[in-house]
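The values are calculated or read from the model by the stated rules, or taken from the named source; none is laboratory data. Every value quoted in this text rests on a predicted model; they were computed, and no experiment measured them. Methodologically, a virtual Cβ is constructed for each residue, glycine included, from the backbone with ideal geometry; neighbour enumeration extends over all protein chains shown. With ligands, DNA and RNA removed, areas are computed over all heavy atoms of the protein, side chains included. Shrake-Rupley method; radii C 1.70, N 1.55, O 1.52, S 1.80 Å.
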Amino acid sequence: MRTDFRPDFHRTPQAARRWAGRLCFSVLTAAMAALISAPAVAQNVSERVAKTQSLLSTETGYRLSVFAEVRNARTMAVAPELGGVFVGTRGPNLYFVRDENGDGVAEDVNLIADDFKLANGIAYKPGTLFVADQHRIVSYDLSNFDGESLGHPRILFTNLPDKRHHGWRYATLSPDGNRLFVAVGAPCNICKVSGLEGTVISIPVNGGAPKIYASGIRNSVGLTFHPETDELWFTDNGGDSLGDDIPREEFNRASTPDQFFGYPWYAGSDTRSPQFSDEEVPDQVTFPEFTFNAHNAPLGFTFDGEDALVALHGSWNRTIPDGYEVVRVEFINGKPITSNPFLSGFLRSNGEVIGRPVDVKHYIDGSILISDDNASAIWRMLPDD
């Protein structure tokens, strides 16, 4: 029985409406900005976030609002039974954002724990919250959760590589809810790894020894099971300092356990790593199903109907900045084919960055939540009726 949260309604606008909208996809008009900014004031949104909102552009068929302001908002785990969303950070803090009346506007943002190294990797199923920290994996019993503080953790595993470089984890639950999958990054730019480094691991939800599910992965900060095929898909960020346009960033499918995805012999996609270019690759490589521009930093994503919505956190190692948007990766016959803007405008024409999307999740009412650690906001994309 599937335990993750996947609303069946309002997942995508009509395909024809999307294509028509792309013909005129541009910055929102002044009238639309005024319509958006009015409820922002009513929601006590800060002037900074309201201004950012007014500059963003949406895919046709959606309207944008602010779900909550959360400092350094990163990964999200929607908890419909609790009337809110858990929000992790790339730091010690973990939040619970309460939307008790379910209207898509948070009433409270509560700091529920502040004792993590990197509270980035979170996953939820009814009754339990999982946190993959830099050095260990824990769970929390939520049977008496009051929305304001967590109890004592249950230790599930303590020997994750305790290194800050790429130490921010990402986690998801298996379709049956019995195993927790965690991405473990390589602790470097491009280097040979050992142990659990550069892998996706899985452990039983009650704790135990991890199994390596996939290897040859540089730094995945987004993994999700496909709702129809139950295959694991994940993003992977390529190596830096190889040029503006290489290597391309990856969107991968692990159709079976034990696949090898090339790192560090490949810096990303089909680009060989210079320091290992003369070495024989030790295993058959599974190449990505789809790629993004170099240094776009694809992070969290969710499947949306037949497509995927992917957060591109944006480049830092590129002469001309690129990324800084959420894109719709369109699938045809189960294969990703092309991508188009879903939420954009975070990168301004003058080079200013006003937001960096991190994670994408379906919310209780069929809207889509997008975390932004630069704007410290969670945006809400609501389909038009």
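Annotations
- The stretch 239-281: C-alpha pair distances exceeding 11 Å, %: 67 percent
- Built amide H within the under 5 Å cut-off of residue 250, gap 5+: 236, 238, 292
- Cα-based equivalent ellipsoid of the stretch 129-211: semi-axis lengths in Å, sorted from largest, via gyration tensor: 25, 14, 10
- Counting charges near residue 103 (Lys, Arg +1; Asp, Glu -1) among other residues having Cβ under 11 Å from its Cβ returns a value of -3.
- Short to long, the 10 Å bins of the Cα pair-distance histogram for the stretch 176-276 hold 16, 48, 27, 8, 1 percent of all pairs.
- Translational diffusion coefficient (Stokes-Einstein; Kirkwood radius from C-alpha pairs) of the stretch 280-385 at 20 °C, 1.002 mPa s, in µm²/s: 145 µm²/s
- Added length on full extension, which subtracts the Cα-Cα distance from 0.36 nm per residue, residue 338 to residue 226: 38.5 nm
- Computed packing ranks the peptides 66-73, 155-162 as 66-73, 155-162, most packed first, by mean other Cβ atoms within 10 Å.
- Amide H contacts under 5 Å for residue 345: 57, restricted to partners 5 or more places along the chain or on a different chain, H placed in the peptide plane at 1.01 Å from N.
- Order of exposure, largest accessible area first, which applies to 235, 286 with probe 1.4 Å: 286, 235
- Taking label positions 7 Å along the Cα-Cβ direction at both residue 275 and residue 255, the computed distance is 3.4 nm, reported to one decimal.
- Per-selection Kirkwood Rh - the chain (Cα, Å, 1 d.p.): 20.9 Å
- When you count the other C-beta atoms within 10 angstrom of each residue and take the mean per peptide, 90-96, 105-111 line up highest first as 90-96, 105-111.
- Between residue 81 and residue 194, the modelled label-to-label distance comes to 4.2 nm, taking each label 7 Å out from Cα in the direction of the beta carbon.
- Restricting the calculation to Cα atoms, the stretch 38-111 yields a radius of gyration followed by a Dmax of 13.0, 37 Å.
- Order of exposure, largest accessible area first, which applies to 367, 349 with probe 1.4 Å: 349, 367
- Solvent-accessible surface (1.4 Å probe) assigned to residue 81 amounts to roughly 110 Å².
- Cβ-derived FRET efficiency at R0 51 Å, residue 293 paired with residue 107, nearest 0.05: 0.85
- Phi-based couplings in Hz for the stretch 243-259 (Karplus 6.51, -1.76, 1.60; Gly and Pro marked x): x, 5, 10, 9, x, 6, 7, 10, 10, 10, 10, 9, 6, 9, x, 6, 6
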